[in-house]
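Working notes for the structure below.
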């Protein structure tokens, strides 16, 4: 699988976050909603995931400074500790 460059992923995450903020604040028109959907789709394709939550986690893990041992996507008690 081809992997998107971290700079591209960073840009997509920032764009998604800004558009989502606009949507949640009530300042979103149809164009903003469409842009949000487009960025979400692009993030999913770029990370090989099927939903935006998984795409955001995958993208953030590929960004510089990401903690590779971070298991924040797992619920409490779901880790492999034993």
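Please treat every number below as a calculation from the coordinates, not as lab data. Every value quoted in this text rests on a predicted model; they were computed, and no experiment measured them. When we count neighbours, we look across all protein chains shown, and the Cβ atoms used for this are built from the backbone with ideal geometry, even at glycine.
Listing 41, 16 from fewest to most neighbouring C-beta atoms within 10 Å gives 41, 16. A full extension of the chain between residue 34 and residue 22 corresponds to an added length of 3.1 nm, given 0.36 nm per residue minus the alpha carbon distance. When 47, 31 are sorted by how many other C-beta atoms sit within 10 angstrom of their C-beta, beginning with the fewest, the order is 31, 47. Fewest-first ordering of 57, 52 by other beta carbons within 10 Å of each residue's beta carbon gives 57, 52.
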